[in-house]
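Structure record follows, encoded as structure tokens.
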Amino acid sequence: MAEWTRRRLLATSATVAAAATLPRAASGQAAAQPKPGGRATVAMSAATETVDPHFSRSQVARNVLMHMCETLVTIDERGSAQLQLAEELAISPDFKTFTFRLRKDVPFHNGKKMTSEDAKRSLERYARVSPEKARLANVDRMTTPDASTLVVELKSSMPSWIELIKSPASPMTIIPAEECDKDANQVRPISTGPFSFVDWDGVTQLHGRRFADYAPNKAYAGRDGYGGRRQAYLDEITFAVASEASGRVAGLQSGQFDILDEVPVQAAARLAKDERFKIYEQTKRSINVVPVNVQRAPTDNLLVRQAIQAAIGQEEAMAIAAEGAFALNPSFVYKDSEFYPAEANRLIYNQNDPARAKALLAEAGYRGEEIVILTSGDIPSLQEVAVVIAEQLKSAGMKVRLDVLDWPGANARRNDPTTHNLFSTAYAIQPLLGPFQYQRLFSGPSNWSFYKDDKAMEDAWQKLLSATSKEDQRSAWQDIELRVNNQVQQIKIGDRNLNQATKSSITNFVPYDGIRLWDIWYS
Amino acid sequence: MLIYVSRRLLGAVPVLIMVSLLAFALIHIIPGDAAQVIAGPDATADQIASIRATLGLDRPILEQFLVWLGNLARFDLGMSFMLGRSVAQAIVERLPVTLLLTLYSMVLTVPLGILAGLIAAYKHNRWADTAIMTVALLGVSLPTFWLSIAGILLFSVHLNWLPSGGYVPPTEDLLACIRSLTLPALALAAFQIGLLARMTRATTLEILRQDYVRTARAKGVSENKVLGRHAFANVLVPVVTVIGIIVNVALSGAVVIEEIFSLPGLGRLVVQGILRRDYPVIQGSLLVVAMLMVFINLMVDLLYAYLDPRVEND
Amino acid sequence: MTRSAAIADSVAPATVDHMGAPARRRILSKLLSHKGLTIGATIVSLVVIAALVGPLVMQGDPMKLSFRTRFLPPSAEHWFGTDHYGRDIFTRVIYGSHLSLAIGLAVVLIAGTGGTLIGALAGYFKRLDAILMRVMDALMAFPSLMLAIGIAAALGSGIANVVIALSVAYMPRTARIVRASVMTLRSAEFVESARVAGVGHMRILFRHILPNSMAPLIIDLTFIFAYAVLADAALSFLGVGPPPPAPSWGNIIADGRDYIVEAPWITICPGIVIGLTVLGLNLFGDGLRDVLDPRL
């Protein structure tokens, strides 16, 4: 029996925790004693679409809900799986039986102690209402031998199942069993997190309060990703929506807000000069990508796709779209990911070579067929990437049209291969979580490039999914990245960083996937 | 009068049914639906289909409309797909913000607009007239959203007098509430004051030219009295009509203003509803907005009839 | 009542289309001597000239971007500065005037024609009145910008769709105005006599009544032009206007909204241009009303 125990998880997380504390020690705050109390208001650019954790899936939802919600398995600072409400996980050698031993004496916000029954019922509800219920599609049955043991038996062997359930996008939150009969979108985030949910006006304000009876996970030394040992110090937290960036900045200056998400680079530079504020660069927010439709002319021709790949200058696109706060990275996972391809230098990237593009177009027999770039104006950076690459393609002699819709409209059109050639979009959680989240984007019948069959690609995925060691997984993932790149099925643009700002008195804030209000305090 | 009112109210019913039909048709043409939004961009067709079924979006459109209409007959606007509450509750929560904003801007608009218009008419063709009319013209010419941004830049960023956005309910802190609505109300009022001042001036000039005023003047009645007693009452008639238009303008402007100043009002509810394809919310709030408009137009007409009895027999 | 249609025409109320040459000249001189109207006409003509001639004589490309020239403040080289793509704002504003005026004009034409047709039919044929005006009332029951956002969202991005959205939003307004004029003229003496003389309904409506009810419509269309320019900018600002990178005025301002503190010129310069243009249109409309509307 492969024991995936707390100790083994601790061993990996310890190094990460050390890395995370490094800047703290450097800035001399490590010595500061945490001080409980106070309230903080976070200004975000958009409102969450729901407060039902099982029904949620956006980054904004995560930003809010991860304060209240906890899961059996979560992710650490690098995006690797880490136990949270389970203290031990035993996986059978055939990768079909997963036995979770739950932590004891963990109370829900309603005062009730969590049991395996709650966990089982939560997973059952998740399988019913979540947009990500496919994660549990392979579950054969779940049993609860005792109040702190949950046994999940899968229909077929699945070595990477933990990789699916660790995701904080639509988190597999454990909620009280009595909540589990409610329909989708009807549940409030009553879970075991360090903050409890107070109210939400549905549009602009969401309130939370420190959960006095919170049971921190003593298996860990400190905060680590969404997991580790979490500790709330602030008494009250508010998530406010301020869609205008200038409004968020002005709100911080006037004292209305304490923490800002998504601060424009220029404003950040200005705020940085003011002693009252601190600026942070969030490096794991999202990556800009351009899936290429291989069905619609002219991008059905590999030579045209290669011409596009040659014409695009990722550096210029990112410099404008990310305001200079970006990292060039040809891979679809972050550079510190355990899956980062060893041979990333073989990926064609940041060419900005109109001459080569023109030669490829001539070879392809391109005669001015229109290339449609689909994007959404709701997210400025997506539109900005589209505008820049449109100009780059034009200077290589291509005829380009931009199709800009609102976010749902763009995504609806994205589904239809007859409408567009390129889609300027972003992946938010995938590069943090790693390869397995890319499965349905890169392969299978609903892949985003609309290829009909690509045996090399499907084989590589088979290899990845059946791999039982990290080495095999890494090598399979590298094959996938190379294949996506040389077939120009999806074009990686860059890693987009964002600036966040806090009042200087807020201590121990470290940017991550979402805003984390636990383990921070006012000095 | 009672017959008139009931006839008008009855006349509103087909309009409101038409409104619902239009709104329903409109929102279903918009590409993408709520299921798509909830499922997220990288969802599979199966996921979207299952959410669609959960929300009842897989049923024929006509059936959806009839169900909605049937619920409406029982005063039930349905549940929001995403707000975790009933549409009625969401509207009840947001309506006060829009109404307060409209009211605040009206409180600024009515006295200032009428006064400016009267002064301009009284000082016809003199410098005060020119000055007031130039400012009024600027008010109706500058884009509201541009004025809002300029206002934030000046009053929030540089002077730090007023908050740049957000809303405080009056029940929580009245002063903070007024402060939070001042910039938005000013931005909204700029256009309305301009409009009202221009209308007041035009009607006043027209009335001042009419025979009875000339007679009064000829009789040696002082200029102030002419303006005050004779003209003012008559000026009210068209001004009341203009206020109907202004409410329309205010509700239109609120869409943009609430977005810029992050106010949780009805305009934002509609816009966000559209952006998230939250059909019940769009349907419900558009209906409420339409009812509001119909009601205000009715009030305006009643007031009009009261001030000018000839209308009722029209 | 027995007079012929030809005679009836000569006793029609004094409006533009039925005036003799001296009357026309009198109106023209009135128009020319109206100060506001002259100023307005001058501003509008300047913008129109800039829109028509600008793109022909200007060297710059409104789409040319470079991250090296981002956020340059106004200077001799970049009169209005550059935006966050490094594009020259003055060039974009000039090209944008082309787009924004074209949209305004198209809205005026479509809303004017559609509204006139609907209003004329509703005003003349009592049976059509109920149905047509119910639809118009339903459209009027929405605040015009809300309606335009809904339509623009439904149709998707595109200049044509913005024109449709705004035209539908303003059509009820013109329909009402035309309907009111047609209803007053329907029972006018010269119309009655035409009817008695056996002239067909359509001919009466389009040859006799409509030309006589044009003045209030023309005045209102100037204001609709102004509103359309403002509304187009607002739609762009809300992200449902002409698709980027098209340099519509609203797009330019929307592009600058996140940088108002650091690069206020992106927002301020095009805002002033919009304000001036709309001001010119309003002055022009006011002047027309002063001169053409017999009540004043």
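The values are calculated or read from the model by the stated rules, or taken from the named source; none is laboratory data. Being a predicted model, the structure only gives us computed values, none of them experimental. Here Cβ is always computed from backbone atoms with ideal geometry, including for glycine, and neighbour counts include all displayed protein chains. Heavy atoms of the whole protein, side chains included, go into the accessibility calculation; ligands, DNA and RNA do not. Shrake-Rupley method; radii C 1.70, N 1.55, O 1.52, S 1.80 Å.
List the trypsin sites (Lys or Arg not before Pro) within the stretch A:238-274 that fall in a DSSP loop (any state other than H, G, I, E or B) and whose Cβ has at most 15 other Cβ atoms within 10 Å.
Numbers: sites: A:R248, A:R270, A:K273; in loops: A:K273.
Hits after loop and neighbour filter: A:K273.
Rounded, prolate or oblate for the stretch C:25-292? Axes are the square roots of the Cα gyration tensor eigenvalues, ordered a ≥ b ≥ c, and the cut-off for rounded is a/c under 1.5. Provide the component values of the computation, followed by the final result.
Values: a/c = 3.15, a/b = 1.89, b/c = 1.67.
Prolate.
With unit charges on the beta carbon (Lys/Arg positive, Asp/Glu negative), name the residue among B:G56, B:A12, B:M82 whose Cα is farthest towards the positive pole of the charge dipole of the stretch B:1-87.
Result: B:A12.
Taking both sides together, what accessible area is buried at the C/B interface, probe 1.4 Å, expressed in Å² and rounded to the nearest 100? It would help to have the intermediate numbers written out before the result.
Details: alone 14940 and 17070 Å², together 28380 Å².
Chain pair C/B: roughly 3600 Å² of buried accessible area.
Find the centroid of the Cα atoms in the stretch A:377-406 and in the stretch A:447-463, then give the distance between the two in whole Å.
Cα centres, the stretch A:377-406 to the stretch A:447-463: 27 Å.
Grab the DSSP H runs of chain A that are 4 residues or longer, score each as -39,500 (n - 2.57), total them, divide by all residues and round the 222 nm result to the nearest 500 deg cm²/dmol.
Numbers: 15 runs with 154 residues, N = 523.
Here the helix-only value at 222 nm equals -8500 deg cm²/dmol.
In the stretch A:115-194, with Lys and Arg counted as +1 and Asp and Glu as -1 at Cβ, which of these residues, A:V187, A:L123, A:S156, has the Cα nearest the positive end of the dipole, that is, farthest along it?
In the stretch A:115-194, that residue is A:S156.
Can you work out the Karplus-derived ³J(HN,Hα) for every residue in the stretch B:87-100? Use 6.51 cos²θ - 1.76 cosθ + 1.60 with θ = phi - 60°, whole Hz, and x for glycine or proline.
So the J values, rounded to whole Hz, are 4, 4, 5, 4, 5, 4, 6, 9, 4, x, 4, 5, 5, 4.
In sequence order, what are the phi-derived ³J(HN,Hα) couplings for the stretch A:65-77 according to the Karplus relation 6.51 cos²θ - 1.76 cosθ + 1.60 with θ = phi - 60°, rounded to whole Hz, with x for glycine and proline?
6, 5, 6, 9, 9, 9, 10, 4, 10, 10, 10, 8, 4
From Cα pairs below 8 angstrom and at least 6 apart in sequence, can you work out the relative contact order of the stretch B:50-158, rounded to a whole percent? Walk me through the numbers before you get to the answer.
Values: 32 pairs, mean separation 9.5, N = 109.
Over the stretch B:50-158, the number comes to 9 percent.
Specify whether the C-alpha gyration tensor of chain A places it in the rounded, prolate or oblate class, a ≥ b ≥ c being the square roots of the eigenvalues: rounded for a/c under 1.5, otherwise prolate if a/b is larger than b/c and oblate if not.
It comes out oblate by the Cα gyration axes.
Which loop trypsin sites (Lys or Arg not before Pro) in the stretch A:287-381, with loop taken from DSSP, have no more than 15 other Cβ atoms within 10 angstrom of their Cβ?
Values: sites: A:R296, A:R305, A:K335, A:R346, A:R356, A:K358, A:R367; in loops: A:R296, A:K335, A:R367.
In loop regions of the stretch A:287-381 (DSSP not H, G, I, E or B), the sparsely surrounded trypsin sites (Lys or Arg not before Pro) are A:K335, A:R367.
Percent relative contact order of chain B, based on C-alpha pairs within less than 8 angstrom and at least six residues apart?
Details: 341 pairs, mean separation 81.7, N = 314.
The value is 26 percent.
For the protein assembly as shown, which whole percent of the accessible surface, found with a 1.4 angstrom probe, sits on carbon and sulfur atoms?
On the way: 26260 of 43400 Å².
Carbon and sulfur together cover 61 percent of it.
How large is the accessible surface of C:W265 in square angstrom, using a 1.4 angstrom probe and rounding to the nearest 10?
Roughly 40 Å² of C:W265 is accessible to a 1.4 Å probe.
For helix B:45-55, report the angle its Cα long axis makes with the longest principal axis of the Cα atoms of chain B; keep it between 0 and 90° and round to the nearest 10°.
60
Could you tell me whether the stretch A:165-253 comes out rounded, prolate or oblate from its Cα gyration tensor? Rule is a ≥ b ≥ c as square roots of the eigenvalues, rounded for a/c under 1.5, then prolate if a/b exceeds b/c, otherwise oblate.
Working: a/c = 1.86, a/b = 1.25, b/c = 1.48.
Because a/c hits 1.5 or more and a/b fails to exceed b/c, the stretch A:165-253 counts as oblate.
When chain B is modelled as a GNM with alpha-carbon springs shorter than 10 Å, which of B:P96, B:P280, B:P169 fluctuates the most?
B:P169
Quick one: helix A:302-311 against the long Cα principal axis of chain A, what's the angle to the nearest 10°, folded into 0 to 90?
Helix A:302-311 sits at roughly 80 degrees to that axis.
In square angstrom and rounded to 100, what buried accessible area do you get between chains A and C, total over both, with the probe at 1.4 Å? Let's see the in-between values first.
Working: alone 20260 and 14940 Å², together 33150 Å².
Chains A and C together bury approximately 2000 Å².
Are there any helices in chain C, counted as whole DSSP H runs, that stretch 30 Å or more along their axis by Cα and score at least 0.0 on average by Kyte-Doolittle, and if so which?
On the way: long enough: C:35-57 (32 Å, 2.01); C:89-124 (49 Å, 1.47); C:159-186 (38 Å, 0.98); C:214-238 (34 Å, 1.86); C:265-292 (40 Å, 1.35).
Helices meeting the criterion: C:35-57, C:89-124, C:159-186, C:214-238, C:265-292.
Which longest run of chain A has no exposed loop site in it, a site being GluC sites (Glu not before Pro) in a DSSP loop with at most 12 other beta carbons within 10 Å, and the site itself not part of the run? Walk me through the numbers before you get to the answer.
Numbers: sites that count: A:E275, A:E343.
The reported range is A:1-274.
I'd like the Karplus ³J(HN,Hα) series for the stretch C:67-82: coefficients 6.51, -1.76, 1.60, θ = phi - 60°, whole numbers in Hz, and an x wherever there's a Gly or Pro.
Residue by residue, the stretch C:67-82 yields 6, 7, 10, 5, 6, 7, x, x, 7, 4, 7, 10, 4, 9, x, 10 Hz.
For the stretch A:62-105, report the accessible area per residue in Å² (1.4 Å probe, heavy atoms, rounded to an integer).
On the way: 1060 Å² over 44 residues.
About 24 Å² of surface per residue is accessible.
Rounded to the nearest whole Å², what accessible area per residue is found for the stretch A:283-364 with the 1.4 Å probe? Write out the running numbers ahead of the final one.
Values: 2910 Å² over 82 residues.
Value for the stretch A:283-364: 35 Å² per residue.
May I ask for the longest run of chain B untouched by chymotrypsin sites (Phe, Trp or Tyr not before Pro) that are loop-located per DSSP and have at most 12 neighbouring C-beta atoms (other than their own) within 10 Å?
Working: sites that count: B:F75, B:W161.
Maximal segment without exposed cleavage sites: B:162-314.
Using the Cα centre of the stretch A:244-384 as the reference point, and only Cβ charges (+1 on K/R, -1 on D/E), how large is the resulting charge dipole? Debye, rounded to the nearest 20.
Details: 14 positive and 20 negative charges, 39 e Å.
My answer is approximately 180 debye.
Report, to the nearest 10°, how far helix A:380-395 tilts away from the longest principal axis of the Cα atoms in chain A, using its own Cα long axis and a range of 0 to 90°.
20
May I ask you to find the residues of the stretch A:215-254 that are shielded by at least 20 Å² of accessible area once the whole protein assembly is considered instead of their isolated chain (probe 1.4 Å)?
Listed in order, they are A:V241, A:S243, A:E244, A:A245, A:S246, A:G247, A:A250, A:Q253, A:S254.
B:K219: which lysines have alpha carbons under 23 Å from its alpha carbon, excluding same-chain residues fewer than 8 sequence positions away?
Partners within reach: B:K123.
Using a Förster distance of 56 angstrom, determine the FRET efficiency expected from the C-beta separation of A:K394 and A:E275, and round it to 0.05. Walk me through the numbers before you get to the answer.
Working: r = 46 Å, r/R0 = 0.82.
Calculated value: 0.75.
Taking each residue of B:250-263 in turn, how many C-beta atoms of other protein chains fall within 10 Å of its C-beta, and what is the average?
Details: counts 1, 5, 12, 3, 3, 8, 8, 0, 2, 6, 7, 4, 13, 2.
The shielding value for this peptide is 5.
Checking an interface number: how much accessible area is buried between A and B, summed over both chains, with a 1.4 Å probe, in Å² rounded to 100?
Numbers: alone 20260 and 17070 Å², together 34060 Å².
So the buried area, both faces added, is about 3300 Å².
Once you charge only the Cβ atoms, +1 for Lys and Arg and -1 for Asp and Glu, what is the size of the charge dipole of the stretch B:27-80 about its Cα centre, to the nearest 20 debye?
180
Hey, what did chain A get for relative contact order, percent, Cα under 8 Å, at least 6 apart?
Computed over chain A, the figure is 20 percent.
Can you list the residues, at least 5 places off or on another chain, whose amide H is less than 5 Å from the amide H of A:A426, using H built in the peptide plane?
HN-HN under 5 Å from A:A426: A:V289.
Please go through the stretch A:376-412 and write out the trypsin sites (Lys or Arg not before Pro) that DSSP classes as loop and that have at most 10 other C-beta atoms within 10 Å. Show your work: numbers first, answer last.
Values: sites: A:K394, A:K399, A:R401; in loops: none.
The qualifying sites: there are none.
Relative to the Cα centre, what is the charge dipole magnitude of the protein assembly as shown, using +1 at the beta carbon of each Lys and Arg, -1 at the beta carbon of each Asp and Glu, and rounding to the nearest 20 debye? Could you put the intermediate results ahead of the total?
Numbers: 108 positive and 101 negative charges, 485 e Å.
Its charge dipole is roughly 2320 debye.
Most mobile of B:M18, B:M299, B:M79 per a Gaussian network model of chain B (Cα springs, under 10 Å)?
The residue that fluctuates most here is B:M18.
Amide H neighbours of A:I371 under 5 Å, counting only residues 5+ apart in sequence or on other chains, H built in-plane at 1.01 Å?
Excluding prolines and chain starts, which carry no amide H, the hits are A:K399, A:V400, A:R401.
Which residues, if any, in the stretch B:132-168 have at least 50 Å² less accessible area in the whole protein complex than in the isolated chain, probe 1.4 Å?
Output list: B:L137, B:S141, B:P143, B:F145, B:W146, B:I149, B:L153, B:V157, B:S164.
Choose one of A:L374, A:A364, A:L405: the residue whose Cα lies farthest towards the positive end of the charge dipole of the stretch A:284-497 (beta-carbon charges +1 Lys, Arg; -1 Asp, Glu; about the Cα centre).
A:A364
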